[in-house]
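Undergrad: What follows is a single structure, and I will ask about it in a moment.
Any read-out appearing in this document is the output of simple, stated calculations on the displayed coordinates, not a laboratory observation. This one's a predicted model, so the numbers in the text were calculated from it and none came from an experiment. Quick reminder, even Gly has a Cβ in these numbers, built from the backbone with ideal geometry, and neighbours come from all protein chains shown.
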Amino acid sequence: MATYNGEKYIREQINSILSQTYELWHLYIHDDGSTDQTCSILQEYAEKHPNQITFLNYPPQGGAMKNFMSLLERVDATYYMFSDQDDVWKKDKIEKEVEQMNSEELKYGGNKPIIVFSDLFVVDSQLNLISESFLKYSGIHPEFLTSFDELAASNLITGCTMLFNHAAKKSIQYPYTSATMHDTWITLCTAKAHGVLSYLSEPLVYYRQHGNNTLGAVNIKHLTISYRVRHLYRILKLNKDTYCMMRALGYGSIIKYIYNKLRYKYRTNKRL
């Protein structure tokens with residue numbers, strides 16, 4: 001868990017992890033220089049649950065991506081999960097994702113890079129339901145985003161839903177200076193290594209939208225032509241950053257990138 005000024009919601013998130021039906025886990029937390037009471041809360045939980053929670057003390061990293069990656073570099077385990085500071089996990093999140101991972105590893109072997117990920121509930125700051133499916137809400141179609149080339153079209157995996165094995169961690173390429181976010185980079189590296197992206201359609205996380213999210217959910221219905229025109233600069237910058245990230249992993253030409261974006265759009269429009 002990477003934290004920063006998360007005092008408002010962090011107790012709910014940690015409590016939801018402590019309440020998991022699957023108990024063989026350990027939570028490592030690093031704070032990125034909070035100025036509120038986040039660190040005091042984290043220290044309280046670490047002292048109360050020393051066998052399950054470790055609050056790591058090292059310098060701030062300067063942003064969520066670097067903070068998560070710094071944790072990943074310091075922790076050695078069989079499986080890895082990321083936790084945001086402001087969500088809530090369903091009680092069986094870990095159990096169901098581990099079951100899916102075990103099934104995939106039985107099929108492909110433990111040396112195959114594998115990421116298991118799920119859908120999410122989109123909720124407001126008080127956990128009132130906005131949408132029962134983040135992927136449908138955002139217009140993301142995982143069935144068309146299974147390969148490295150296809151992942152040019154859309155960010156597929158939300159970090160707080162992913163469970164990945166040690167082989168997937170080993171597939172991560174360094175440096176990650178071109179990465180836009182830790183979850184996207186790990187997904188792309190896994191796909192580049194011909195790994196498996198295994199989708200659980202059930203939502204297992206309450207993805208809280210409260211106005212201060214590092215990233216948030218955007219309703220596909222709001223992405224009208226007028227919206228795209230108003231936000232043209234941001235959309236162009238996002239695509240530029242995404243292409244530069246993929247090019248750093250050997251993606252190829254901008255023409256290939258545009259082709260896969262258009263192909264995805266065509267396939268999803270046909271599905272609609």
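Undergrad: Pairs to check: Lys169/Lys270; Lys90/Lys170; Lys240/Lys270; Lys66/Lys136. Give those whose C-alpha atoms are more than 32 Å from each other in this structure. The partial results should precede the final answer.
TA: Numbers: Lys169/Lys270 35 Å; Lys90/Lys170 29 Å; Lys240/Lys270 27 Å; Lys66/Lys136 29 Å.
In this structure, Lys169/Lys270 lie more than 32 Å apart at Cα.
Undergrad: Hey, another quick one. With just the Cα atoms of region 104-160, tell me how far they stretch along each of the three principal axes, in Å, largest first.
TA: 41, 25, 15
Undergrad: Let me check I have the definition right: for region 26-68, take the eigenvalues of the Cα gyration tensor, multiply each by 5, take square roots. What are those semi-axes in whole Å, largest first? Kindly include the intermediate steps, with their values, before the conclusion.
TA: Values: eigenvalues 70, 31, 9 Å².
Whole-Å semi-axes of the equivalent ellipsoid: 19, 12, 7.
Undergrad: So what's Rg/Rh here for region 1-159, counting alpha carbon atoms and using the Kirkwood radius for Rh?
TA: Working: Rg = 16.7 Å, Rh = 17.3 Å.
Across region 1-159, the Cα-based Rg/Rh ratio is 0.96.
Undergrad: Which whole-number percent is the relative contact order of region 1-78 (Cα, under 8 Å, 6+ apart)? Mind showing how you got there, number by number?
TA: Details: 87 pairs, mean separation 28.9, N = 78.
Relative contact order comes out at 37 percent.
Undergrad: List the aspartates and glutamates whose Cα lies under 15 Å from the Cα of Lys96, skipping any in the same chain that are fewer than 8 positions away.
TA: The reachable aspartates and glutamates, counting only those whose Cα sits under 15 Å from Lys96, are Glu23, Glu104, Glu105, Asp119, Glu202.
Undergrad: Under 8 Å for C-alpha pairs, at least 6 residues apart: give me the relative contact order for region 77-199, rounded to a whole percent.
TA: Dividing the mean separation by the residue count of region 77-199 yields 37 percent.
Undergrad: Kirkwood Rh over alpha-carbon pairs of region 1-95, then Stokes-Einstein at 10 °C and 1.306 mPa s: what D in µm² s⁻¹, rounded to an integer?
TA: 118
Undergrad: Find the Cα radius of gyration of the chain, compare it with 2.2 N^0.38 Å by division, and give the number to two decimals. Show your work: numbers first, answer last.
TA: Values: Rg = 18.4 Å, N = 272, 2.2 N^0.38 = 18.5 Å.
Ratio of Rg to 2.2 N^0.38 Å for the chain: 0.99.
Undergrad: Sticking with this structure for a sec: Using just the helices of the chain, give the 222 nm mean residue ellipticity in deg cm²/dmol: DSSP H runs with n ≥ 4 each add -39,500 (n - 2.57), and the total is spread over all residues, rounded to 500.
TA: On the way: 10 runs with 109 residues, N = 272.
Calculated mean residue ellipticity at 222 nm is -12000 deg cm²/dmol.
Undergrad: How long are the three semi-axes of the equivalent ellipsoid of region 140-217, in whole Å, if each is the root of 5 times an eigenvalue of the C-alpha gyration tensor, listed from largest down?
TA: So the equivalent ellipsoid measures 21, 16, 13 Å along its semi-axes.
Undergrad: Same structure again: In the neighborhood of Thr158, defined by Cβ-to-Cβ distances under 10 Å, what is the net charge if each Lys or Arg adds +1 and each Asp or Glu adds -1? Intermediate results must be reported in sequence, preceding the final value.
TA: Working: positive: none; negative: Asp84, Asp87, Asp119, Asp183.
Neighbourhood net charge equals -4.
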